[in-house]
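The values are calculated or read from the model by the stated rules, or taken from the named source; none is laboratory data. All values derive from a computational prediction rather than experimental measurement. Cβ placement follows ideal geometry from the backbone for every residue including glycine, while neighbour counts extend to all protein chains displayed. The accessibility values were calculated without ligands, DNA or RNA, using every heavy atom of the protein model including side chains. Shrake-Rupley method; radii C 1.70, N 1.55, O 1.52, S 1.80 Å.
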Amino acid sequence: MSPEQFIAIKAAEAVKQIYNAEVDPATLQVQVTRKEFEGDYTLVVFPLLRITHASPDATAAAIGDRLVADCPEISSYNSVKGFLNLSLSNLFWRETLAAISQAEDAYFSLPATGRKVMVEFSSPNTNKPLHLGHIRNNLLGDSVSRILAAAGNDVIKVTLVNDRGVHICKSMYAWQQRFNGATPESLGVKGDHLVGDCYVEFNNILQEEVARLVGQGMDREQAEKEAPCMKAVHDMLVKWEQGDPEVRELWAMMNGWVFAGFDETYRALGISFDKVYYEHDTYLLGKELVQKGLDMGVFVQDPDGSVWCDLTADGLDRKLLLRSDGTSVYMTQDLGTAERRFAEYSLDSHVYVVGDEQNYHFQVLKLVLAKLGFDWADRIYHLSYGMVELPEGKMKSREGTVVDADDLIAQMYCEAKATSEESGKLEDVSEEERNRLYSMIGLGALKYFILKVDPKKKMLFNPKESIDFNGNTGPFIQYTHARIRSILRKAEEAGIEAGLRDVELSPKEIRLVQLLNLYPQKLADAAANFSPAVMANYAYDLAKEFNQYYHDTQILREADAELRSNRLALIAAVADVLSESMNLLGIELPERM
């Protein structure tokens, strides 16, 4: 129970005793006391004046007197112009710490909501390996899924692999033209990297052909359309859609290389899905909905056979749903996929984790679904996030200037190894355990650096800054957890028992308990806002507060056995909350560093 809930309940009881009137505690306004006033929490008494028929100050005094007299958890009060400022006693915080310690697993999840939520994330194209932008998408999707599940929802994690279309045909064409039958095995590279190299090479082929055509007098825009490689790619796509065996065989082979590469990267990041959708299975979905829209008069068909939804009355524009040749577009697929998912899973909500460059797409998707009569259209949520940029600017896949996810993971491992070896604290640790620790620290640094930023904001990624063991970083929180676990191990080895005792908490200990007690509310806030940043920065605040406490307080060397046991129990609770908070970000905390 939060302090606000506790005070509201006790205040309602006081009103009943004093004024013989029933008040719903949920309607009472309780908030943290402003810093310039004495007290911990403030009850706003103005709404109660209709019951008390007294002045604000008289009402506050009457309720304050009753609370202090009847409730040992409230030590004192003062009132300022209708605001009743209450100070909670040491007993309240001791009881709160006991409740947190005894709650165990139940403390780290909210009551079941009965809601079924699907979260779609990652959704890569099969023409390139995963890169830094994909990492932010994957980490957000995975963390939001964890948070929503902890908040009591039944969560289904899915991805839609864009495994067909012009992009993969470009890689296929370049492989045929320039790679002489090379395979991942023959080159000793991951399959997704090979296909990505093919995609970059296609751009080189295109630029060569465009330059030749421009040199022959054609303008650049026309040259990019007339380039032989572009025509070849279009022909390949048509053959794919017609089921041409040779094209389909090449497509299946190269996609197989990419899928194997993706799986390896996902494992390294700790990412998994409950279901994987493939565009080649879903791209035709939605065509029946287009016909339904035509029958309803919601869509219109132009003379060339193309089908559109006119959204100009809604402040948007006309949206293409079927091309003149009858082929579908991304919107057609998304309409059909959404209908299938809501029907198949009886979803209460569907969250799409997609970059903010697709804001318009999802605005249109929801609007078109609503026009088709689907009452669940407003239960679609686009978790729109800002792009990740480098100090030198934006990444470009076709030019090969992206930060490869595998390279970045390897770099983070090396950064963690170098930083850890400088400390000289792992000399007695086995090589296997050290390697696991370097991986844990490197991934923790990467994930935390990305997830601590509000999803809506663009961010600049700096690997060296992320690995710092001081400041608002993953390694700082990991080191704090390892320090606590070290203290607890030493206590156990010395036969010192950790357990709550009936002793006074110091102001710094009360501050730690206050922070621990915020966990359920922070979890609820993170879930409501689809923001892992809430949990990341909460964990940092808790770790920072512990380190200040540790610096100023004797724990193992405390002479008073009762105080020592109580402090050990308190820091054990801190370690548990840090671990659970970071687990919601997909970050492991080591037992030692």
ask   = Which distance in Å, rounded to a whole number, links the C-alpha centroids of segment 210-253 and segment 267-286?
value = 27
Bins of 5 Å from zero: percent of alpha-carbon pairs in segment 91-180 = 3, 12, 13, 13, 12, 11, 9, 8, 6, 4, 3, 3, 2, 1, 1, 0
key: Helix 3-19 vs. the chain, principal-axis angle (Cα, 0 to 90°, nearest 10)   = 50
task = Just the number, please: Stokes-Einstein D of segment 1-137 in µm²/s, Kirkwood Rh from C-alpha pairs, 37 °C, 0.692 mPa s.
result = 183
ask   = When the dipole is taken about the Cα centre of the chain, and only Lys, Arg (+1) and Asp, Glu (-1) are charged at their Cβ, what size is it in debye, to the nearest 20?
value = 700
query = Quick one: which of K464/K544; K456/K544; K170/K456; K116/K239 span more than 30 angstrom between C-alpha atoms?
reply = K170/K456; K116/K239
request  = Could you tell me how many degrees, from 0 to 90 and to the nearest 10, lie between the Cα long axis of helix 287-296 and the main elongation axis, the longest principal axis, of the Cα atoms of the chain?
outcome  = 80
request  = List, in order, the whole-Hz ³J(HN,Hα) value for each residue of segment 355-369 obtained from phi through the Karplus relation with A = 6.51, B = -1.76, C = 1.60 and θ = phi - 60°; use x for Gly and Pro.
outcome  = x, 5, 6, 9, 4, 5, 4, 6, 4, 5, 4, 5, 5, 5, 4
task = Note down the magnitude of the dipole of segment 15-129 about its Cα centre, charges +1 on Lys and Arg C-beta and -1 on Asp and Glu C-beta and zero elsewhere, to the nearest 20 debye.
result = 440
task = Could you point to the residue in V503, Q548, P520 farthest towards the positive end of segment 479-548's charge dipole, with +1 and -1 charges on the Cβ of Lys/Arg and Asp/Glu respectively?
result = Q548
query = Using a 1.4 Å probe, what is the accessible area per residue for segment 243-385, in Å²?
reply = 47
ask   = Between segment 294-348 and segment 168-193, what's the alpha-carbon centroid distance in Å?
value = 36
query = So for the chain, what percent of the C-alpha to C-alpha distances run longer than 38 Å?
reply = 47
query = What's log10 of I(q)/I(0) for segment 243-304 at q = 0.19, 0.22 Å⁻¹, Debye sum over Cα points only, no solvent?
reply = -0.86, -0.96
Helix-derived mean residue ellipticity, 222 nm - over the chain, DSSP H n ≥ 4, -39500 (n - 2.57), to 500 = -18000 deg cm²/dmol
ask   = How fast does segment 156-204 diffuse by Stokes-Einstein, in µm²/s, taking the Kirkwood radius from C-alpha pairs at 20 °C and 1.002 mPa s?
value = 184
key: Degrees, to the nearest 10: 519-529 long Cα axis against longest axis of the chain   = 30
query = Mind checking the log10 I(q)/I(0) for segment 144-262 at q = 0.14, 0.18, 0.23 Å⁻¹? Debye, one equal scatterer per Cα, no solvent, two decimals.
reply = -0.68, -0.93, -1.24
query = What whole number of Å gives the distance from the Cα centroid of segment 98-114 to the Cα centroid of segment 469-513?
reply = 21
task = May I ask what percent, to the nearest 5, of DSSP beta bridges between residues of the chain are antiparallel?
result = 50
ask   = Ignoring any ligand, DNA or RNA, what whole percent of the accessible area of the chain comes from carbon and sulfur when the probe is 1.4 angstrom?
value = 48
ask   = Hey, got the dipole for segment 110-224? About the Cα centre, +1 on K and R Cβ, -1 on D and E Cβ, debye to the nearest 20?
value = 480
key: Largest-first principal axis extents, alpha carbons of segment 495-588, Å   = 46, 25, 22
ask   = So what J values fall out for segment 553-562 if you push phi through Karplus, 6.51 cos²θ - 1.76 cosθ + 1.60 with θ = phi - 60°, rounded to Hz, Gly and Pro as x?
value = 10, 6, 10, 5, 8, 5, 6, 6, 4, 5
ask   = Taking only protein heavy atoms and a 1.4 Å probe, what accessible area per residue, in Å², does segment 8-158 have with all protein chains in place?
value = 43
request  = At a 1.4 Å probe radius, which order do Y77, Y438 fall into by accessible area, largest first?
outcome  = Y77, Y438
task = Mind listing the long-range amide H neighbours of T113? Cut-off is under 5 Å, sequence gap 5 or more, other chains count too, H placed in the peptide plane at 1.01 Å from N.
result = N153
task = Evaluate the Debye formula for segment 233-391 with equal point scatterers sitting on the alpha carbons, no solvent, and hand back log10 of I(q)/I(0) at q = 0.15 Å⁻¹, in q order, two decimals.
result = -1.02
key: Given charges at Cβ of Lys, Arg, Asp, Glu: the chain dipole, positive-most of C71, A405, I380   = C71
message = Taking the solvent-accessible surface of protein heavy atoms with a 1.4 Å probe, what is the per residue accessible area of segment 411-496 in Å²?
response = 50
query = Can you tell which of Q5, C229, Y173 lies farthest toward the positive end of the dipole of the chain, using +1 and -1 charges on the Cβ of basic and acidic side chains (Lys, Arg; Asp, Glu)?
reply = Q5
